[in-house]
Amino acid sequence: MTEDTVIEILRNALQAEDEFSADDATRLDEIPSLDSMARVRMVLEIERALDDRLSMEEIIAIETVGHIRALLAAKGRQKVEG
């Protein structure tokens, strides 16, 4: 994964070839191209980055870009930036 794993996860989920950027406060429901299939790809990308499965509770709790970052940090896959 690149320097910003969360942005790479979202870029892969959105199948975006151009630049994609979002800050931690960006709500997933504010990303126009993040439809239901992209959300499934997002979960799969997160699980791939973690090399672990997410629980239903963890999946439901993902509402913002920051939630993805916190989830990766909690599982030891990314440093918390602050």
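The values are calculated or read from the model by the stated rules, or taken from the named source; none is laboratory data. Not measured: the values here are computed from a predicted model. Note: ideal-geometry Cβ built from the backbone for every residue, glycine included; neighbour counts use all protein chains shown. Ligands, DNA and RNA are stripped out before the accessible areas are found, and what is left, the full protein with its side chains, is counted by its heavy atoms. Shrake-Rupley method; radii C 1.70, N 1.55, O 1.52, S 1.80 Å.
Brief remarks on what is shown
- 10 Å Cβ shell holding at most 13 others, DSSP loop, trypsin sites (Lys or Arg not before Pro): longest site-free stretch of the chain: 1-52
- Gain in span if fully extended, S55 to E19, counting 0.36 nm per residue against the direct Cα distance: 10.0 nm
- Accessible surface, 1.4 Å probe, highest first, among residues S36, S55: S36, S55
- Within the chain, helix-based [θ] at 222 nm, where runs of 4 or more DSSP H residues each add -39,500 (n - 2.57), nearest 500: -15000 deg cm²/dmol
- Cα gyration tensor shape of the chain, rounded if a/c is under 1.5, else prolate or oblate by comparing a/b with b/c: rounded
- Model label zone, D4; criterion: amide N under 14 Å from point 7 Å along Cα-to-beta-carbon; scope the stretch 18-37: 18-27
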